[in-house]
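Colleague: My questions will all concern the structure given below.
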Amino acid sequence: MPLLTLSDVGVTRRGNIILEGIDLSLEQNELVTIVGPNGSGKTTLLRVIIGALAPSQGRVSHDASLSIGYVPQRLHIDPTLPMTVARFMALPQRHSSDAVRRALEQADAAGLADRQMAGLSGGQFQRVLLARALLTSPDLLILDEANQGLDHRGTAEFYRQLARVKRELGCGVLMVSHELHVVMRASDRVVCLNGRICCQGPPDTVAGSSAYRDLLGVDERDAVAFYRHDHAPEEALS
Amino acid sequence: MMLDDFLVRAALGGTGVALAAAPLGCFVVWRRMAYFGDATAHAAILGVALSLVLSTSLFAGVLAVSLLMALAVSLLSGRGYAMDTLLGVTAHAALAFGLVAVSFVSGVRIDLMGYLVGDILAVSRQDLAIIWGGALMVLGLLSWRWPALLTSTLNPDLAHAAGINPKREQLVLTLSLALVVAVAIKVVGVLLIAALLIIPAATARPFSRTPERMAMAAAAIGVLSANGGLVAAYRFDTPTGPTIVCIATLLFLCTSLAGACRVRSRPARSER
């Protein structure tokens, strides 16, 4: 049974169609990536899924007990708000210090608990956000361009982390990303979005489809680079 | 009895208001709602006029008008005008309309200054009951909703994902703000209520590591300012409300200077 199902979901804002006819289901233990150009409705889709935005049509159905771990695109913490990492982890619910330590370790953020959120580097901040999302042992982990502020290497590391977390927790993972090459290798399924779903499937199939190339403007050189990476040794993911 | 002494009543009134205003003020600072607090407070003078015309209790009139004002601003925000423009219009419009409306109330002798800068020395036993009732209600609301309020202050989407409705939490703050304005009008007056919200919170910021400590430190600083201001006003024969704000500002200067020195003497820790 899928964790979450969207049937014919559409979002219209001020007369503009942002999303239409979205049919999508997410399975347990599956890592799904949404790719698409700017303004294609990626973030809107995530906001519908976490319940921050009611769809104008269609419906989102999931088990009432589904717990979602959410990692936002960026989180601005006002400088007037003092916040240690440990306190941030305990929002909105407090957890045992053991659980907090474990989550920080899982996200490779151990030892940061006493630091101020404002003093963290981009990569540390992102790992703390991930750790917080992991605290509740979510059934579904949702990440909105969680690699912002990370360089290429940092992004690759972050995704390896995600794949490991998914294996450990057995949760579903849904993310939005721009980093096509890395995404392609880490994902079980890729969804191309541009207001509607243009194509979806296993990374190889999608990368070879013309819809994907048209949508993201991947030219031959990029494709070559992509295939060369694809034949790299597998240990990168383990 | 002890409460017969007007100074004791004033001290208790100031303490009650400061205890409620300071933690709420932290949210006002964190969410950048300072002007919002001003607008709500300035609307109170219109509430004064209305309660005189309708001869209802001052507290009820001020509470109702402040609440309406806060709700109206919340609803109007994000619809055409920038928030600061909208608040700039409503805050001063409310004050102006309130002052004009008060002038229409004939036959009643009104001490307008008393409402603008407060008259803490005239706090009666009944006022004390209202102040402490309102203050405890605000503190109760805040501690009940604290985790949800804090999460939605950080990020609305983060709140949604945790099953919290940020709009409802905004409403809790709006209601608390109206309550604080209604109980504080007697103590510091409509012009200075925002100071009692913001200055203690800003004073507490440099030496606070968590939101909870900042709220508690702000409450302590608020109480200290209220009582210190009262003593200073009594000794130097100055207006009490403004003296309280002056003391709070002096404390703010002390901690922000200390904070700046500490940052300079201790180089920022490296990233890793």
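Colleague: Within the stretch B:114-172, can you find the residues that are among the β-branched types (Val, Ile, Thr) and under 21 Å from the mean Cα position of the chain (by Cα)?
Modeller: B:Val117, B:Ile120, B:Val123, B:Ile130, B:Ile131, B:Val138, B:Thr153, B:Val172
Colleague: Could I ask something else about it? In the stretch A:18-29, how many are touching a residue at least 24 places away in the same chain (Cβ under 8 Å) and part of a strand (DSSP E or B)?
Modeller: Result for the stretch A:18-29: 8.
Colleague: Assess whether B:Thr56 counts as being part of a loop (DSSP other than H, G, I, E, B) and open to solvent by 60 Å² or more (accessible area, probe 1.4 Å).
Modeller: Yes: the conditions hold for B:Thr56.
Colleague: Going by the structure shown, is A:Thr44 within 14 Å of chain B (Cβ to nearest Cβ) and open to solvent by less than 70 Å² (accessible area, probe 1.4 Å)?
Modeller: So A:Thr44 fits the description; yes.
Colleague: Within the stretch B:95-147, work out how many residues are open to solvent by less than 60 Å² (accessible area, probe 1.4 Å), farther than 30 Å from B:Pro211 by Cα and free of Cβ contacts under 8 Å to residues at least 12 places away in the same chain.
Modeller: Total meeting the criteria: 1.
Colleague: Another one. List every residue pair whose Cβ atoms sit under 8 Å apart, with the two residues 6 or more apart in sequence or on different chains, where the first one lies in the stretch A:5-17 and is in a strand (DSSP E or B) and the second, anywhere, is among the basic types (Lys, Arg) and open to solvent by 70 Å² or more (accessible area, probe 1.4 Å).
Modeller: A:Leu6/A:Arg59; A:Ser7/A:Arg59; A:Asp8/A:Arg59; A:Val9/A:Arg59
Colleague: Residues that are of a type in the set (Gly, Ala, Ser), more than 23 Å from B:Val231 (Cα to Cα) and modelled with pLDDT of 90 or more: does the stretch B:185-201 have at least one?
Modeller: no
Colleague: Which residue, of B:Ala217, B:Ala232, is without any contact (Cβ under 8 Å) to a residue 60 or more places away in the chain and under 20 Å from B:Ser256 (Cα atoms)?
Modeller: B:Ala217
Colleague: Checking B:Ala161 against (1) at pLDDT below 85; (2) surrounded by fewer than 17 Cβ atoms within 10 Å (Cβ to Cβ), which single condition isn't satisfied?
Modeller: Exception for B:Ala161: condition (2).
Colleague: In the list A:Gly195, A:Gly201, which residue meets the criterion of being among the small types (Gly, Ala, Ser), at pLDDT 80 or above and either under 30 Å from A:Ser137 (Cα atoms) or touching a helix residue (DSSP H, G or I) at 6+ places or on another chain (Cβ under 9 Å) (or both)?
Modeller: A:Gly201
Colleague: I'd like to know if the stretch B:32-39 contains one or more residues that are open to solvent by 50 Å² or more (accessible area, probe 1.4 Å) and in a helix (DSSP H, G or I).
Modeller: Within the stretch B:32-39 (the criterion being open to solvent by 50 Å² or more (accessible area, probe 1.4 Å) and in a helix (DSSP H, G or I)), the answer is yes, since at least one residue qualifies.
Colleague: List pairs: first in the stretch A:80-97 and more than 8 Å from chain B (Cβ to nearest Cβ), second assigned to a helix (DSSP H, G or I) and open to solvent by 10 Å² or more (accessible area, probe 1.4 Å), Cβ under 6 Å, 6+ apart or cross-chain?
Modeller: A:Met89/A:Val100; A:Met89/A:Arg132
Colleague: Given the residues B:Thr210, B:Thr240, which is the only one that is more than 26 Å from B:Leu142 (Cα to Cα) and open to solvent by less than 70 Å² (accessible area, probe 1.4 Å)?
Modeller: Working: B:Thr210 fails: more than 26 Å from B:Leu142 (Cα to Cα).
One residue alone meets the criteria, B:Thr240.
Colleague: Another one. Among the listed residues B:Leu75, B:Leu67, B:Leu50, B:Leu46, which satisfies the condition of being open to solvent by 10 Å² or more (accessible area, probe 1.4 Å), in contact (Cβ under 8 Å) with a residue 60 or more places away in the chain and either within 24 Å of B:Gln126 (Cα to Cα) or not hydroxyl-bearing (Ser, Thr, Tyr) (or both)? Spell out how you get there, then give the answer.
Modeller: On the way: B:Leu75 fails: in contact (Cβ under 8 Å) with a residue 60 or more places away in the chain; B:Leu50 fails: in contact (Cβ under 8 Å) with a residue 60 or more places away in the chain; B:Leu46 fails: in contact (Cβ under 8 Å) with a residue 60 or more places away in the chain.
Exactly one of B:Leu75, B:Leu67, B:Leu50, B:Leu46 is open to solvent by 10 Å² or more (accessible area, probe 1.4 Å), in contact (Cβ under 8 Å) with a residue 60 or more places away in the chain and either within 24 Å of B:Gln126 (Cα to Cα) or not hydroxyl-bearing (Ser, Thr, Tyr) (or both), namely B:Leu67.
Colleague: Moving on to the next point. Select from the stretch B:77-95 the residues that are part of a helix (DSSP H, G or I) and under 12 Å from B:Phe36 (Cα atoms) and list them in ascending order.
Modeller: B:Met83, B:Asp84, B:Thr85, B:Leu86, B:Leu87, B:Gly88, B:Val89, B:Thr90, B:Ala91, B:His92
Colleague: For the stretch B:169-193, give me the residue count where each residue is within 23 Å of A:Thr80 (Cα to Cα) and open to solvent by 10 Å² or more (accessible area, probe 1.4 Å).
Modeller: 5
Colleague: For the stretch A:115-156, what are the residues that are charged (D, E, K, R), over 24 Å from A:Gly172 (Cβ atoms) and either within 9 Å of chain B (Cβ to nearest Cβ) or within 14 Å of the chain's Cα centre (by Cα) (or both)?
Modeller: Within the stretch A:115-156, A:Arg115 is the sole residue that qualifies.
Colleague: With (1) away from chain B (no Cβ under 13 Å); (2) farther than 22 Å from B:Pro156 by Cα as the list, and A:Ser56 as the residue in question, which single condition is left unmet?
Modeller: Failed condition: (2).
The values are calculated or read from the model by the stated rules, or taken from the named source; none is laboratory data. A quick note: this is a predicted structure, and the numbers were derived from the prediction, not measured. Ideal geometry is used to build each Cβ from the backbone, glycine not excepted, and the neighbour counts take in all protein chains shown. Surface areas here come from the heavy atoms of the whole protein model, side chains and all, with no ligands, DNA or RNA. Shrake-Rupley method; radii C 1.70, N 1.55, O 1.52, S 1.80 Å.
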